[in-house]
Amino acid sequence: MLSRLGALLQEAVGAREPSIDLLQAFVEHWKGITHYYIESTDESTPAKKTDIPWRLKQMLDILVYEEQQQAAAGEAGPCLEYLLQHKILETLCTLGKAEYPPGMRQQVFQFFSKVLAQVQHPLLHYLSVHRPVQKLLRLGGTASGSVTEKEEVQFTTVLCSKIQQDPELLAYILEGKKIVGRKKACGEPTALPKDTTSHGDKDCSHDGAPARPQLDGESCGAQALNSHMPAETEELDGGTTESNLITSLLGLCQSKKSRVALKAQENLLLLVSMASPAAATYLVQSSACCPAIVRHLCQLYRSMPVFLDPADIATLEGISWRLPSAPSDEASFPGKEALAAFLGWFDYCDHLITEAHTVVADALAKAVAENFFVETLQPQLLHVSEQSILTSTALLTAMLRQLRSPALLREAVAFLLGTDRQPEAPGDNPHTLYAHLIGHCDHLSDEISITTLRLFEELLQKPHEGIIHSLVLRNLEGRPYVAWGSPEPESYEDTLDLEEDPYFTDSFLDSGFQTPAKPRLAPATSYDGKTAVTEIVNSFLCLVPEEAKTSAFLEETGYDTYVHDAYGLFQECSSRVASWGWPLTPTPLDPHEPERPFFEGHFLRVLFDRMSRILDQVGSPVSPLLHTS
């Protein structure tokens with residue numbers, strides 16, 4: 001009985017309490033902000049010490065609460081209608097540009113981010129929201145090291161999240177004023193059709209402009225605001241760069257604050273990896289995304305010292321875009337930070353191409369090839385200066401080492417080796433850069449030769465069929481290496497006299513060259529193929545000093561270890577080339593094809609020439625042993 005009475009009393013009291021008018025409260029808070037500019041005379045007071053942040057927070061809470069109380073989902077409430085009609089966001093954006101009071105720009109960025117993130121109603125389709133968003137994007141990222149970088153990256157994060165939810169917004173956000181002008185010229189509404197129904201109040205036009213008289217106090221407040229606004233308020237809309245979100249993200253990617261730069265890079269990655277073909281096509285054809293990314297890569301390359309030691313470049317292996325700085329400062333050298341920044345951004349470009357939509361990946365890979373490889377790097381590789389050749393070749397090797405994306409690898413192979421797939425001839429003129437690199441493999445400078453050979457070694461490790469074909473296979477496919485008319489012996493073992501092996505003469509062994517212990521061989525009476533192979537392998541192993549052997553099984557250096565290592569390497573190569581569709585048997589010889597001289601190709605020729613001189617080379621692992629005999 002008492003509980004029932006209490007409930008009735010509470011209900012009666014609640015009925016007498018006046019309900020809160022959300023619209024009135026919202027308008028009062030906005031008036032409070034405008035009155036600050038009427039009453040305030042101290043322009044040095046920071047914004048955070050005024051009541052502006054509190055009033056903006058109250059306005060945001062009212063918008064969110066109003067939307068939660070809406071009976072029909074998707075309809076704009078009176079407070080949201082007021083925000084759109086009276087262009088509150090545009091006014092705030094202009095105040096942020098004026099930076100009055102000091103720190104107002106940060107407050108504006110935060111308010112925009114929270115409104116777009118917390119209000120579920122689609123806002124970016126409305127001109128009264130779209131225009132200030134464009135202005136705010138132009139306002140941010142204008143200077144490196146801006147105090148609003150943290151707020152700017154939060155703002156771009158919200159925009160990228162909204163675009164990911166609705167890829168159609170990408171063109172609308174990037175195109176800026178152009179799309180609005182075209183729609184007005186064609187008589188189209190500036191809000192997308194699916195949203196105009198929820199914003200079709202009689203007091204609100206489609207473009208979000210007010211269509212009713214101003215409330216009391218709005219006129220004087222507007223005049224006070226105009227007195228603090230910059231004179232060039234419309235200049236923001238007349239800019240030539242329409243891809244504001246892209247340029248803002250790229251500017252934030254260059255921030256000195258690692259967390260800001262990393263978040264901006266993740267946001268840009270989110271944009272290019274969208275699955276919508278239309279959005280990807282627009283990003284490539286109607287924005288400066290790819291050229292801007294490559295332009296920054298070229299700038300970082302030019303910012304490095306002209307001459308870098310290849311050994312120093314090799315110490316910075318494993319630079320990642322998520323951790324672009326060098327691992328430690330123990331091995332510091334001039335230009336280390338610039339080199340780490342360049343390799344980190346190149347790794348980011350490679351990651352972008354890997355994760356991006358196919359349309360964006362191909363376009364970005366081509367932009368890297370044309371604007372960086374050809375225009376920036378190739379002149380350094382073809383330079384006559386020895387130091388320039390060393391630095392550029394070592395840098396290219398470091399880039400290949402961390403290159404993973406198939407599209408960029410394809411462009412790198414075409415850049416280095418060309419696209420010709422016909423067999424080579426001794427007197428032909430191959431791809432210009434390819435010919436120079438082959439020549440550098442046997443350069444008068446041993447340092448250039450070694451650096452270039454390392455480049456080819458890294459290139460041969462890449463899983464691309466075109467590399468093996470261009471360097472080796474295109475000269476072997478016709479099988480002209482087979483000698484016509486000279487039959488092979490019936491048994492190779494029958495023609496091999498191991499006792500007369502020139503490597504095992506008495507004078508050679510007496511010189512101090514000690515061979516490792518060989519496994520026990522089968523008796524001569526049971527001579528078979530395996531015994532012959534064992535002798536051949538051991539003859540080869542005797543030429544390799546112990547310190548030069550690279551087997552993981554250091555305790556074993558004989559036949560079994562060699563076969564084990566060779567078999568493991570063979571399996572690794574087989575798995576790598578399995579998808580290339582190579583035939584399992586050699587191409588049969590055509591008896592009607594005329595015999596032509598065999599040419600192994602420029603690459604193999606230079607390797608064979610160097611091998612033929614290996615005993616005479618200074619620093620050869622074998623020559624010191626021979627000279628002591």
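Name the residue, out of 273, 258, that is hydroxyl-bearing (Ser, Thr, Tyr), surrounded by fewer than 19 Cβ atoms within 10 Å (Cβ to Cβ) and more than 23 Å from residue 369 (Cβ to Cβ).
258 is the lone residue from the list that is hydroxyl-bearing (Ser, Thr, Tyr), surrounded by fewer than 19 Cβ atoms within 10 Å (Cβ to Cβ) and more than 23 Å from residue 369 (Cβ to Cβ).
Quick check, is residue 162 closer than 17 Å to residue 57 by Cβ, open to solvent by 20 Å² or more (accessible area, probe 1.4 Å) and in a helix (DSSP H, G or I)? No: the conditions fail for residue 162.
Among residues of the range 392-418 that are over 16 Å from residue 452 (Cα atoms), those with a Cβ under 7 angstrom from a residue that is among the polar types (S, T, N, Q) and assigned to a helix (DSSP H, G or I), sequence gap 6+ or separate chain, pair up as 404/354; 405/354.
Check whether at least one residue in the range 243-265 is within 30 Å of residue 322 (Cα to Cα) and modelled with pLDDT under 50, and report yes or no. Checked against the condition, which is being within 30 Å of residue 322 (Cα to Cα) and modelled with pLDDT under 50, the range 243-265 yields at least one hit.
Okay, residues lined up against (1) part of a helix (DSSP H, G or I); (2) of a type outside the set (Asp, Glu); (3) open to solvent by 30 Å² or more (accessible area, probe 1.4 Å):
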residue: 96; (1), (2), (3): yes, yes, no
residue: 112; (1), (2), (3): yes, yes, no
residue: 117; (1), (2), (3): yes, yes, yes
residue: 122; (1), (2), (3): no, yes, yes
residue: 132; (1), (2), (3): yes, yes, no
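The numbered conditions (1) under 35 Å from the mean Cα position of the chain (by Cα); (2) among the charged types (D, E, K, R); (3) surrounded by fewer than 21 Cβ atoms within 10 Å (Cβ to Cβ) are all true for residue 51 except (1). Restricting the range 282-310 to residues that are open to solvent by 50 Å² or more (accessible area, probe 1.4 Å) and assigned to a helix (DSSP H, G or I) leaves a set whose member that is nearest to residue 162 (Cα to Cα) is 285. Here is the figure for the range 575-610: residues that are at pLDDT below 90, surrounded by 11 or more Cβ atoms within 10 Å (Cβ to Cβ) and part of a helix (DSSP H, G or I) total 3. Residue 390 falls short of the stated requirement of being surrounded by 15 or more Cβ atoms within 10 Å (Cβ to Cβ), in contact with an Asp or Glu (Cβ under 7 Å, 6 or more places away or on another chain) and outside any helix (DSSP H, G or I). If you check 363, 412, 367, which single one turns out to be in contact with a Leu (Cβ under 7 Å, 6 or more places away or on another chain) and under 25 Å from residue 273 (Cα atoms)? Exactly one residue qualifies, and that residue is 412. The residues of the range 438-465 that are within 15 Å of residue 386 (Cα to Cα), assigned to a loop (DSSP other than H, G, I, E, B) and open to solvent by less than 60 Å² (accessible area, probe 1.4 Å), listed by number, are 442, 445.
The values are calculated or read from the model by the stated rules, or taken from the named source; none is laboratory data. Since the structure is predicted, the reported quantities are computational estimates derived from the model, not experimental observations. Every residue, glycine as well, gets a Cβ built from its backbone with ideal geometry; the counts of neighbours run over all protein chains shown. SASA here: full protein model, heavy atoms, side chains in, ligands and nucleic acids out. Shrake-Rupley method; radii C 1.70, N 1.55, O 1.52, S 1.80 Å.
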